[in-house]
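Here's the structure, in structure tokens; my notes come after.
The values are calculated or read from the model by the stated rules, or taken from the named source; none is laboratory data. This structure is a prediction, so every number in the text was calculated from the model and none was measured. Virtual Cβ from ideal backbone geometry, glycine too; neighbours counted across all protein chains shown. Please note that ligands, DNA and RNA were not included when accessible areas were found on the heavy atoms of the full protein model with its side chains. Shrake-Rupley method; radii C 1.70, N 1.55, O 1.52, S 1.80 Å.
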Amino acid sequence: MRKFTALMPLLALFWAVSASAHGPVRQKTQEAIVINAPADKVWEIIKAPCGIKDWHPQVAGCDAEGSQEEGAKRKLTLVDGGWVNQELKKYDEKKKLIGYKFNFDDVSTAQTIVHAGEEIQVPMFPVANYSDMLFVKSKGANKSQVVWRGAFYRAYMRNNPPEEMNEEAAINTMNAFYRSGLEGLKKLLEK
């Protein structure tokens with residue numbers, strides 16, 4: 001019993017160090033909206049490689065290489081001057097599903113900060129290893145539900161992230177981007 005009691009402080013120290021030594025955790029988020037338009041009509045707008053510039057209020061422009069084949073690329077120019085390069089990772093016409101991916105290096109810098117004595121570039125989307133899926137479900141003859149799901153890590157891959165690059169910043173940024181896009185899509189289709 002004495003040996004166990006003597007080991008207790010060491011076990012507590014080991015637990016404290018290991019608990020604070022983990023890196024980022026993969027985050028998942030989702031936004032959805034119901035649109036008063038048939039699923040086929042909604043899908044025609046979503047599936048176009050650069051159609052996003054017509055319905056997403058934060059996207060000012062788009063250049064695409066390829067169409068709906070996996071590996072096709074597009075560059076979105078944002079209204080604030082930033083950009084993101086995306087690669088098509090999934091496309092399914094029957095399921096009305098499309099998905100893109102990008103990484104930390106595929107996004108322009110929003111700002112440079114100093115954290116832990118080091119200059120760090122904060123990307124427009126503070127995420128890494130990002131992938132998403134956008135799909136349309138029919139909810140009757142003239143009604144659809146559009147769901148936008150994303151999975152990613154925070155942009156700062158080491159421990160003790162700055163607040164601009166932590167999990168909360170990543171989730172809030174992506175949720176706001178999804179919400180404004182889905183609201184823009186609804187507005188376009190219901191006008």
**Prompt:** What pairs can you find where one residue is in region 82-107 and of a type in the set (Ser, Thr, Tyr), the other is surrounded by fewer than 17 Cβ atoms within 10 Å (Cβ to Cβ), and their Cβ atoms are less than 7 Å apart, with a gap of 6+ or different chains?
**Reply:** 91/68; 91/70; 100/89
**Message:** Testing residue 113 on (1) among the β-branched types (Val, Ile, Thr); (2) open to solvent by less than 40 Å² (accessible area, probe 1.4 Å); (3) outside any strand (DSSP E or B), one condition comes back false. Which one is that?
**Reply:** (3)
**Request:** Select from region 165-191 the residues that are of a type outside the set (A, V, I, L, M, F, W, C) and over 30 Å from residue 39 (Cβ atoms) and write down the one among them that is most open to solvent (accessible area, probe 1.4 Å).
**Result:** 168
**Pairs, first open to solvent by less than 30 Å² (accessible area, probe 1.4 Å) in region 35-54, second at pLDDT below 95 and of a type in the set (Ser, Thr, Tyr), C-beta under 7 Å, six or more apart** = 49/67
**Request:** Give region 124-162 a look and list any residue that's touching a Pro at 6+ places or on another chain (Cβ under 7 Å), surrounded by fewer than 21 Cβ atoms within 10 Å (Cβ to Cβ) and not in a strand (DSSP E or B), or say none.
**Result:** 141, 142, 157
